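First the structure, in the form of structure tokens, and then the observations on it.
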Amino acid sequence: MHKRLIVPHALFQIMIRRLAHQLIETHRDFSDSVILGLQPRGIYVADRLQQTLKEILGITVQTGYLDITFHRDDFRRRATPLAPNATKVDFSLEGKRVILVDDVLYTGRSVRAAIDAMISYGRPDQVELLVLIDRQYTRDLPIEATYTGQRVDSLHSQRVEVTWQGQDSPEDVIWLLTPTPDQEEPHATA
């Protein structure tokens, strides 16, 4: 795999603060708003946003983690079963403004599954989507982010990797991974 840095650490920090300020413009004091991070990688974005909002506003925004494993449309189609992650939603979503949070928006299928999973916790008044990276031109479903850190033009063969300081990297950065010619799948012939 060829790795190309698309969001260095300094820009990553600016992006998180910008997204937090955009949320403040819309949600003001967050009295009727909650953040739900999609498992497994969206929880890191949700936690970082909660931390940044606390630094700026001095309040702790209700934040939960939502597992979508059993709501995925490919759940029963995989050769090996998916292992579920923990769901942690200690509050009702009834009448709330929900901000679904994920690291990368790709086909839109995870977001669709998240909407299905979220309804188990109440009927929200409004649902928004926040993503660090929007992989444009790759959508299978008509889903669009309300808040986006950065849009990236990418091929289906490429992958976006968000690495988090303290989790899997010495600093927060985002990479675009491209398979080398020997790793690419052979093209089908008609």
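Screening I133 on (1) closer than 27 Å to Q158 by Cβ; (2) open to solvent by less than 40 Å² (accessible area, probe 1.4 Å); (3) touching a Phe, Trp or Tyr at 6+ places or on another chain (Cβ under 6 Å) shows it passes everything except condition (3).
Name the single residue that is modelled with the lowest pLDDT among those in segment 166-183 being surrounded by 10 or more Cβ atoms within 10 Å (Cβ to Cβ) and more than 18 Å from D153 (Cβ to Cβ). By that ranking, first place goes to Q183. What about I43, is it among the hydrophobic types (A, V, I, L, M, F, W, C), open to solvent by 10 Å² or more (accessible area, probe 1.4 Å) and over 26 Å from T178 (Cβ atoms)? Answer is yes for this residue. Among the residues of segment 1-31, the ones that are closer than 28 Å to L177 by Cβ, open to solvent by 90 Å² or more (accessible area, probe 1.4 Å) and part of a helix (DSSP H, G or I) come to 2 in all.
Of all residues in segment 122-139, exactly one satisfies the criterion of being outside any loop (DSSP other than H, G, I, E, B) and at pLDDT below 95, namely Q136.
The combined condition, being open to solvent by less than 20 Å² (accessible area, probe 1.4 Å) and either in a strand (DSSP E or B) or at pLDDT below 95 (or both), is not fulfilled by I119. For segment 144-158, taking the residues that are without any contact (Cβ under 8 Å) to a residue 60 or more places away in the chain and assigned to a strand (DSSP E or B), the one that is least open to solvent (accessible area, probe 1.4 Å) is identified as T148. If you go through segment 88-112 and pick out every residue that is assigned to a helix (DSSP H, G or I), over 17 Å from V45 (Cβ atoms) and open to solvent by less than 20 Å² (accessible area, probe 1.4 Å), you end up with 0.
The values are calculated or read from the model by the stated rules, or taken from the named source; none is laboratory data. Predicted model, so just to flag it, every value in this text is computed and none were measured. All Cβ positions, glycine included, derive from the backbone under ideal geometry; neighbour counts span all protein chains shown. Each accessible area value is taken on the protein alone, full model and side chains, heavy atoms only, with ligands, DNA and RNA left out. Shrake-Rupley method; radii C 1.70, N 1.55, O 1.52, S 1.80 Å.
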